[in-house]
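So the structure is just underneath, and the comments pick up after that.
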Amino acid sequence: MGTWAHVLGRAAILLIGVLLSAGPVHAQRSPFNGLEVLPADSSGHYRILIGGHFHGESTNRSGYPAATLLANLDTINSLGAHLFLSTGDLFMDPVKDLPRYQRALFSKLKMPFFNAPGNHDLSASAGKEADELKEIVTWQADRVLLLNTEREDGTISSDVLDRLASLLEAEDLFIPRHLFIISHRPIWAEDDPLYSDLFKENTRSTFGTNFRKDVYPLLEKIAQHAHVYWISGSLGGSAPSSIFFQPHAPDNLSRNGGITFIQCAIRDEPRDALLIADVYPDTVKWSALSLTGQQLQAPETYDAAWWRSKRGKGEGFNWRLLPYRVKSTVLHRAFWWGAGLMLLLVVLVRRIVRR
């Protein structure tokens, strides 16, 4: 009986796998534009479009997405992407900006859109209650995980660790060939000397994360069977490129295995670009779309060595923008919060000294 039960169990798993490989049983819809995630084509190919920080520059007070993004909607729609994934900081203010985004962006996109929350995307009332992990129903054995790294200040919970571990415990049929993890914070960079100095202006945890201790060992095990792409979107305003692309662990872990760390985010600047992942059953081909017409190199060019070579080589200070930057700074509420706090500290110190 035990042998027959095992055979029947394997047959059931095979049947379910065949059904899944044909496409999602219940197509998943985007929470932003309501469009369904469509199955891959007959060859197993599908396309993912990736970017982030879509509110543009931090001084943007219009409540609309970055001009470089809006100016390219026709091109973006023509790419035929199956998914459009945001690496966070979609909004400047998620409550006030949502109606404008709906009119200007979400309603015009022709592919389902998903977002991994960044610090700007979480309202005071809903920030901590937002789901830590969202799994997009995808194709065949591939997985796309949207991770909310703001919920626990970059620390990954036991529930998410268990979900990652479950990918190793599955039958061979369900072990992913490609695993895409989308997060806002590059928590993989914080405690790694290879990357920690490259993203000094990005959102970081206060007391460190458990990435090196708990998360990375799981990624290494998964990478023995699949290629892991961890894609984040907190770059900082002085980044030399909208793209960072670094193969971290070698492909020789297995035939298709490895770990690649990626960042992609725009700032409403000439460097703005999106990543394109063309996913095939046995490989992923990467390319990029400039949102300003600039000539781009292959995404693999923008690795850690390239980024280090560009440190301190910005576009230079534009003196004509000085009045605008001063006005934007003075009118920002964060400036007055800081000024008020400093004034309060001065008053307290003076009272203490006088005593």
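The values are calculated or read from the model by the stated rules, or taken from the named source; none is laboratory data. As the structure is a prediction and not an experimental result, all values here were calculated from the model. Every residue, glycine as well, gets a Cβ built from its backbone with ideal geometry; the counts of neighbours run over all protein chains shown.
Descriptive notes on the structure:
- The combined condition, being under 18 Å from the mean Cα position of the chain (by Cα), modelled with pLDDT of 95 or more and either crowded, with 23+ Cβ neighbours inside 10 Å or assigned by TED's automatic domain parsing to the domain that holds PHE32 (or both), is not fulfilled by ALA71.
- Search result, residues across the range 289-311 that are without any contact (Cβ under 8 Å) to a residue 40 or more places away in the chain and of a type in the set (Ser, Thr, Tyr): SER290, SER309
- The one condition from (1) farther than 22 Å from GLU269 by Cα; (2) part of a loop (DSSP other than H, G, I, E, B); (3) under 12 Å from the mean Cα position of the chain (by Cα) that SER43 does not meet is (3).
- Residues (modelled with pLDDT of 95 or more and touching a Lys or Arg at 6+ places or on another chain (Cβ under 9 Å)) located in the range 37-55: HIS53
- Within the range 213-224, if we keep just the residues that are under 19 Å from the mean Cα position of the chain (by Cα) and not β-branched (Val, Ile, Thr), the residue that is farthest from GLY258 (Cα to Cα) turns out to be TYR216.
- Scan of the range 104-158 for residues that are acidic (Asp, Glu) and modelled with pLDDT of 95 or more, ordered by number: none
- Residue in the range 205-225 that is buried (at least 21 other Cβ atoms within 10 Å of the Cβ) and within 29 Å of GLN295 (Cα to Cα) present: no
- Restricting the range 258-286 to residues that are in contact with a helix residue (DSSP H, G or I) (Cβ under 7 Å, 6 or more places away or on another chain) and of a type outside the set (A, V, I, L, M, F, W, C), the residue that is nearest to ALA189 (Cα to Cα): GLY258
- Residue within the range 81-101 that is farther than 26 Å from THR149 by Cα, assigned to a helix (DSSP H, G or I) and touching a residue at least 24 places away in the same chain (Cβ under 8 Å) present: no
- Scope the range 231-244; condition crowded, with 24+ Cβ neighbours inside 10 Å and at pLDDT 95 or above; matching residues: ILE231, SER232, GLY233, SER242, ILE243, PHE244
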